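Everything below concerns the one structure shown next.
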Amino acid sequence: MPVVLSVLLILAVCVSWLLPMPVRAQAQDGSGVGSPAAGAPYIPVAKERYRLFVFGDKMATGLLAGLWRVLKDDPGFVAKGRFNAGSGLARVRYYDWPRAISQVLQSRPVDIGVVLLGINDVRDIFVHGRRIPFGSEEWKSIYASRVDAVIQAFRNNNVALYWVGLPPVRDARLDAGARLINDLLRARTTAHGVRFIDIRKHFAGPDGGFVFEGPDVTGRKVRLRARNGIHFIRPGNTKLAKIVMDVIRQDVEAARGTQASPGLAGLPQSDKPFVGKAGPDGQPIFVPPFRLPGANVVYLAKHNDMTRVVRNTLQALRESVAPGSAGHMLFVRGVWPAAPAGRLDDFSLPGANPPRQGAGESSE
């Protein structure tokens, strides 16, 4: 068996066997939809299953398709959506999003809302037959008020909102407009304490501009964008969905988290998390499985030229493991953790003294 394949399969086995359940995640900064007290979870209610609803234009339809793939094995979420391909906030007569969102939220239970709009809004706004030039101060003021109206629709229905920004696009004029809209969206969501997910950096080239290709969810360089230089194709939509779900899942884990545990140094060896870090005050900061290296190591093992992937995966694991934990012993010191007595891989003789944590090593 090749060395690379062996390393990857060992990673797959040890991560799947030794990860504790349930796990906790460190909450992101920011206030919730209803502006809760500082430090309160963004998603205030812990549930076994969250109902997620995507709103937006044609780009949002691809996001929902990606979410279905990302969530296919996750019973904790169900995702649906409402779309209008050519819509935005610049033409309310064409499609009134604040009204449409309010109708959806009042007609069915929704826990988490995701909005992806704006790529169709690089245009002038008309108010009572008067043209407001795109990018002018008056245009920005009107557009900001419409963003506020969408945010208010979610707030009125007590639904956690995640607003997804715009990616780079190929056309220079359209890309400049997308940057302007991103700045407006970031400013208004920040003002209301709403999550803004900036995706531009994830799909930009070294110069910050548009590129057709980039790393997918496994780390392979593939084509992500459609020929029109605007939308995503399947790998891009899957990557987009994973970016969005990483943020949402972190907030969900914070909502499900319990009272803080003692510091990592004070935990018994058997209770230390397999992965996680000690915070500045010694408190444990747990890393949930979805924050581990995003690549599926078994999948990667089936492909060629994995040296770089193995190196990056090992480095990410070394940076994530809790000091003194089984993961630290394995990935940092290279010592396979001793099996607990009675487990299938416990080969100690009956009545023998239990082995120490790693031959020739003392636990930290």
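Any read-out appearing in this document is the output of simple, stated calculations on the displayed coordinates, not a laboratory observation. Here the structure is a predicted model, which means the values were calculated and not measured. In this analysis, Cβ positions are derived from the backbone assuming ideal geometry, glycine residues included, and neighbour counts consider all displayed protein chains.
One table, with the values for the structure above:
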item: Projected label distance in nm at LYS58 and ALA144, using a 7 Å step from Cα toward the beta-carbon; result: 3.1
item: Gain on full stretching of the segment that runs from ARG200 to ARG49 - 0.36 nm per residue minus C-alpha separation; result: 51.4 nm
item: Bridge type composition, the stretch 44-166 - antiparallel percent by DSSP, nearest 5; result: 15
item: Spin-label pair VAL78/ALA40, simplified geometry with 7 Å Cα→Cβ offset, distance in nm; result: 2.8
item: Burial ordering of TYR143, TYR94, fewest other beta-carbon atoms within 10 Å first; result: TYR94, TYR143
item: Whole-Å semi-axes of the stretch 113-159's equivalent ellipsoid (Cα gyration tensor); result: 24, 12, 8
item: Amide hydrogen neighbours beyond the local backbone of TYR162, cut-off 5 Å, H modeled; result: GLY113, VAL114, VAL115
item: Residue order, fewest to most surrounding Cβ atoms within 10 angstrom, among VAL54, VAL78; result: VAL78, VAL54
item: Protection-proxy order for peptides 239-246, 101-108, each taking the mean of Cβ atoms within 10 Å per residue, highest first; result: 239-246, 101-108
item: The stretch 148-246, Rg to Rh (Cα coordinates; Rh as Kirkwood inverse mean 1/r); result: 1.01
item: Whether the stretch 27-256 is rounded, prolate or oblate, judged on the alpha carbon gyration tensor where a/c under 1.5 counts as rounded; result: oblate
item: Residues LYS140, LYS201 arranged by fewest to most Cβ contacts within 10 Å; result: LYS201, LYS140
item: When each of LYS72/LYS221; LYS72/LYS239; LYS58/LYS239; LYS221/LYS242 is checked by Cα-Cα distance, pairs over 19 Å; result: LYS72/LYS221
